[in-house]
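Worksheet: the structure to be examined is printed underneath.
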Ligand SMILES: C[S@@+](CC[C@H](N)C(=O)[O-])C[C@H]1O[C@@H](n2cnc3c(N)ncnc32)[C@H](O)[C@@H]1O
């Protein structure tokens with residue numbers, strides 16, 4: 001039986017209105033720093049993978065904290081500002097041999113070499129079957145997930161024309177029409193957004209033993225969003 005518990009989140013003040021992507025990334029980076037300090041105070045020697053690394057700032061933070069990091073994305077590396085401006089992505093080359101960039105689909109990336117897995121802003125860009133497959137490949141290994149949560153009663157979710165009820169999907173949630181921009185699914189037109197209960201049920205089905213829900217959740221422009229630590233250290 002999977003155990004669930006709450007984990008105290010950082011004292012980051014979110015504005016009442018959902019911030020734009022650059023400001024939101026900055027607040028999420030502070031939350032990630034807090035989580036790393038809380039859960040892995042001494043990460044030296046551990047190898048982490050950052051799936052859907054995008055602009056690479058979470059990977060760089062984890063490296064700075066002491067992890068050896070492999071950053072994986074289906075796209076070339078980009079920055080939030082460049083993505084918003086529509087400019088071409090940059091291919092940032094780091095001199096640090098312990099921060100490696102790999103251009104590959106997360107669904108194909110072998111997770112066996114890693115001690116810790118980060119899935120930050122990625123899982124809700126995948127279809128349900130791919131989410132279940134990814135979660136089952138992570139089960140048993142500490143995994144940090146930052147994801148949107150579908151709440152049909154939330155005004156932001158109700159106002160979003162790209163979300164539609166996922167009737168008959170097997171888990172409660174919605175289908176999201178992807179945009180094709182840098183923040184979105186690399187090669188898909190639709191993804192699945194589970195409710196929080198459905199996400200926990202998916203973790204249990206995938207074989208996770210424990211889920212820590214970082215409290216409080218926060219808000220994106222589509223509704224609630226939350227950090228989770230699956231099968232984390234005690
Ligand atoms: C919302 S952005 C998240 C970027 C960063 N992790 C963050 O949270 O700010 C989603 C990223 O996932 C990447 N992505 C989408 N589908 C992917 C896939 N199947 N495999 C690997 N990367 C993917 C996109 O290219 C994009 O960089």
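Quick check on the exposure proxy: order 82, 17, 148, 8 from fewest to most C-beta atoms within 10 angstrom.
17, 8, 82, 148
Would you kindly state how much longer the chain becomes between residue 96 and residue 27 on full extension, computed as 0.36 nm times their sequence separation minus their alpha carbon distance, in nm to one decimal?
On the way: separation 69, 0.36 × 69 = 24.84 nm, distance 2.54 nm.
Between residue 96 and residue 27, full extension yields 22.3 nm more.
Can you tell me how much longer the chain between residue 159 and residue 181 gets when fully stretched, taken as 0.36 nm per residue apart minus their C-alpha distance, in nm with one decimal?
5.9 nm is the gain from fully extending residue 159 to residue 181.
Between residue 205 and residue 107, what FRET efficiency follows from the Cβ-Cβ distance if R0 is 22 Å, with the result rounded to 0.05?
0.80
For the range 165-234, rounded, prolate or oblate, judged on the Cα gyration tensor with a ≥ b ≥ c (square roots of eigenvalues), a/c < 1.5 rounded, else prolate if a/b > b/c?
Numbers: a/c = 1.83, a/b = 1.45, b/c = 1.26.
Verdict is prolate for the range 165-234.
What order do you get for 118, 32 when you list them from fewest to most C-beta neighbours inside 10 Å?
Ranking 118, 32 by Cβ neighbours within 10 Å, fewest first, gives 32, 118.
What list do you get for 164, 191 if you sort them by fewest beta carbons within 10 Å?
Least crowded to most crowded, the residues run 164, 191.
For the range 155-232 and the range 1-57, what is the centre-to-centre distance using only Cα atoms, to the nearest Å?
What the calculation gives is 17 Å, centre to centre.
Just the number, please: percent antiparallel of the DSSP beta bridges in the range 73-225, rounded to the nearest 5.
Details: 12 of 17 bridges.
Of the beta bridges lying entirely in the range 73-225, close to 70 percent run antiparallel.
How much FRET efficiency would the formula 1/(1 + (r/R0)^6) give for residue 1 and residue 136, where r is the Cβ-Cβ distance and R0 is 25 Å, rounded to 0.05?
Once rounded, the FRET efficiency stands at 0.90.
For n ≥ 4 DSSP H runs only, could you compute -39500 (n - 2.57) per run for the chain, divide by its residues and tell me the 222 nm figure to the nearest 500?
Here the helix-only value at 222 nm equals -7500 deg cm²/dmol.
Just so you know, all these numbers are worked out from the coordinates, no wet-lab data involved. This is a predicted model, so every value here is computed, not measured. Glycine also receives a Cβ, built like all others from the backbone with ideal geometry; neighbour counts cover every protein chain displayed.
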